[in-house]
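**Q** I am attaching a structure below and will ask some questions about it afterwards.
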Amino acid sequence: MIQTMRSIQYLISALILTIQLHAQAPRLVVPIGHTSEVNAVAVSPDGRLILTGSRDGNAKLWNRAGQEIQTFKVGETDVLAVAFSPDGRFIVTGAENQTVKLWDLSGREIQSFEESGSITTLITFGNSTGISLTLP
């Protein structure tokens, strides 16, 4: 009987140790996608790409399968509006800090504009030389 009790104690101790070791096992967690709410979405003219803008300060380019292709680091501000150029070669982001940025699809910032007022929800490309925004 004493030997049975001792065996049960060893078994319980081994089980507790196993659980503790397993609970402390390191894990690599890779975040996928935005880390906050999405404020804006645009679809490329050919329908193959999707662009999202988020409160996390990033715009992200996705393929239709949902794979992230590129991240555009706008800054420490909410991205409120996103759009593709008519030819699909460029994107534009509009942020809460009143900054509008023009990017190529590789993630390179081409130009940044400071606007007065606040950007709402619509950015559209006009002709090849202009960008129009909706401001309150």
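**Q** Can you tell me the length gained on complete extension of the stretch D87 to E68, counting 0.36 nm per residue apart and subtracting the Cα distance?
**A** Here the answer is 4.8 nm.
**Q** Moving on to the next point. Hey, with R₀ at 25 Å, roughly what FRET efficiency would E114 and D46 work out to, going by the Cβ-Cβ distance, to 0.05?
**A** The formula returns an efficiency of 0.20 here.
**Q** To continue, here is another question. If packing is taken as the average count of other Cβ atoms within 10 Å, what order do 68-76, 95-103, 53-61 fall into, highest mean first?
**A** 53-61, 95-103, 68-76
**Q** Rounded, prolate or oblate: which fits the stretch 43-97, taking a ≥ b ≥ c as square roots of the Cα gyration tensor eigenvalues, rounded meaning a/c under 1.5, else prolate when a/b beats b/c?
**A** Taking the square roots of the gyration eigenvalues as a ≥ b ≥ c, the stretch 43-97 is oblate.
**Q** Another one. Express in nm, to one decimal, how much length is gained between Q98 and E76 on full extension, taking 0.36 nm for each residue of separation and deducting their alpha carbon distance.
**A** Extending this stretch completely gives an extra 6.7 nm.
Read the figures in this text as sums done on the coordinates, not as results from a lab. The structure presented is a predicted model; accordingly, all values stated were derived computationally and were not measured. Glycine gets a Cβ as well: all are built from the backbone with ideal geometry, and neighbour counts include every protein chain shown.
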